[in-house]
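For reference, the structure is listed below as structure tokens.
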Amino acid sequence: MKRRWFGAMLRQVLSLVLGLAFNAATAQAGENVILRFDQTRGANPSSALVEDAAGNLYGTTTLGGAANCGIVFELSPGPDGKWTETVLFSFPSCTFPPGLAVGGTLVFDKQGNLYVVATNSDCCQIPGGFVLRLSKGADGTWSGAVIYRFTADDGYPYSDLTTDSAGNLYGTTYLSSSTSNGKVFKLSPQPGGKWQETILFAFSSANGIGSPTTGVTFDRSGNLYGPTYSAVYELSPQANGPWTLSVLYTFTGDQAQPNSPLVFDSRGSLYGTATQPDPGLVFKLSPQSGGPWKEKVIHFFANGSDGEFPAGNLVLDSSGNVYGTAMWGGLGCNRFYCGVAYELSPQSGGPWKETILHPFESAEDGSQPGAGLLLDASGNLFGTTYHGGGRYGYGTVFEITP
């Protein structure tokens with residue numbers, strides 16, 4: 001962290017002295033703040049948004065609410081273009097699960113229940129962590145229940161959850177110790193309301209590929225994919241036995257620390273972000289016939305003005321364009337500290353083109369959009385900023401239109 005902070009400071013000084021030009025294209029997209037948090041109704045969102053079939057948006061905050069321990073919120077669009085916030089659930093205190101984990105995004109099941117992980121937070125420090133289910137009652141109110149609790153020995157669930165068609169939940173835990181580097185787990189609903197955990201794979205120093213850094217992603221055949229600090233792996237289910245680990249790609253040199261969930265394109269290639277070399281990059285992994293996967297860096301973040309420290313999930317549109325956020329960088333906040341939303345477009349026979357969709361300015365539109373984006377069916381992008389957006393800077397929800 002000190003290295004990254006020093007690097008950002010150095011780039012700022014160089015920019016001010018040398019007058020570096022803004023070398024990324026700027027799109028004519030429209031950005032609109034649809035919610036500014038005020039602490040009472042949530043503060044400091046750090047996870048991406050999810051959408052239901054009616055176009056309502058759902059998210060979480062790490063602070064704010066009744067006990068300043070975070071909330072789950074819904075945003076509903078109105079005919080006048082305005083959005084209405086409803087606080088679905090306000091975490092009461094440390095006697096209930098603590099505030100939501102950084103990076104844990106809500107996920108729906110087929111019945112409309114929401115699930116999310118919770119672990120150590122700004123609100124309180126509790127060993128292990130929880131998986132929470134939020135359910136809507138007949139009277140329209142939402143209630144929260146712990147469906148599974150991890151012990152300190154299990155590790156800390158701090159990533160997004162994934163569901164399958166049977167209603168099982170999948171995720172990862174992190175635990176740095178002499179014997180364990182974290183796990184990939186499956187939670188299965190049981191009769192009577194209980195959930196059963198199955199460890200699909202346990203990372204250790206013997207694996208030699210580090211610890212899981214985000215959640216897992218399914219392919220069409222039911223295999224799971226995810227990154228560690230130094231590699232990208234695949235877990236394949238076996239008919240009669242444990243899941244099998246395959247290391248698809250190991251990062252070498254100073255290209256390491258992938259930090260976003262992986263996402264597939266229509267041809268089976270995977271995309272993700274990494275923090276090294278500083279200030280970060282976006283990579284593509286493509287399967288090769290009979291051989292290891294091939295890695296290609298489709299964008300190096302250059303000098304801070306085009307983004308720095310990419311974070312959160314990527315999304316792809318039907319044309320193969322990639323959209324994401326960088327938590328730092330841009331031209332706002334005295335240059336380099338507000339962040340950007342960006343688009344990467346493939347070019348025929350040449351490097352990918354970066355377009356800055358929106359450089360954040362803090363005071364009105366927020367800063368540090370570190371959670372990634374949601375792309376709706378109309379091509380609109382939605383996201384959150386952790387800071388900025390008002391007098392006290394409790395963060396925002398924003399929309400970027402084509």
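The values are calculated or read from the model by the stated rules, or taken from the named source; none is laboratory data. Small disclaimer: the values here were computed from a predicted structure and weren't measured. FYI the Cβ positions are ideal-geometry reconstructions off the backbone, even for glycines, and counts take in every protein chain you see.
Selection of segment 183-205 for residues being of a type in the set (Phe, Trp, Tyr) and out of contact with any strand residue (DSSP E or B) (no Cβ under 6 Å at 6 or more places or on another chain) yields only PHE203. Contact map, segment 190-211: residues that are at positive phi paired with residues that are crowded, with 17+ Cβ neighbours inside 10 Å and among the charged types (D, E, K, R), Cβ distance under 7 Å, separation 6+ or inter-chain. No pairs are found. Just to be sure, is GLY268 modelled with pLDDT of 95 or more and not in a strand (DSSP E or B)? Here the answer is yes, as GLY268 does meet what is asked.
Where strands (runs of 3 or more DSSP E) fall entirely within segment 348-402, those with at least 1 residues that are of a type in the set (Gly, Ala, Ser) and within 27 Å of ASP52 (Cβ to Cβ) are at 381-385.
Restricting attention to segment 249-265, the residues that are more than 22 Å from PHE301 (Cβ to Cβ) and modelled with pLDDT of 95 or more total 1.
Here segment 212-252 is the region considered, the condition is being within 18 Å of ASP160 (Cβ to Cβ), hydrophobic (A, V, I, L, M, F, W, C) and part of a strand (DSSP E or B), and the residue that is farthest from the chain's Cα centre (by Cα) is LEU235.
Against the test of being surrounded by 16 or more Cβ atoms within 10 Å (Cβ to Cβ), at pLDDT below 75 and part of a loop (DSSP other than H, G, I, E, B), the options SER159, SER180, SER176 yield a single qualifying residue, SER180. Screening segment 203-229 for residues that are farther than 21 Å from GLY104 by Cα and of a type in the set (A, V, I, L, M, F, W, C) and picking the one that is surrounded by the fewest Cβ atoms within 10 Å (Cβ to Cβ) gives ALA206.
Across segment 81-95, which residue is farthest from the chain's Cα centre (by Cα) among those that are surrounded by 15 or more Cβ atoms within 10 Å (Cβ to Cβ) and modelled with pLDDT under 80? Checked segment 81-95; the qualifying residue farthest from the chain's Cα centre (by Cα) is CYS94.
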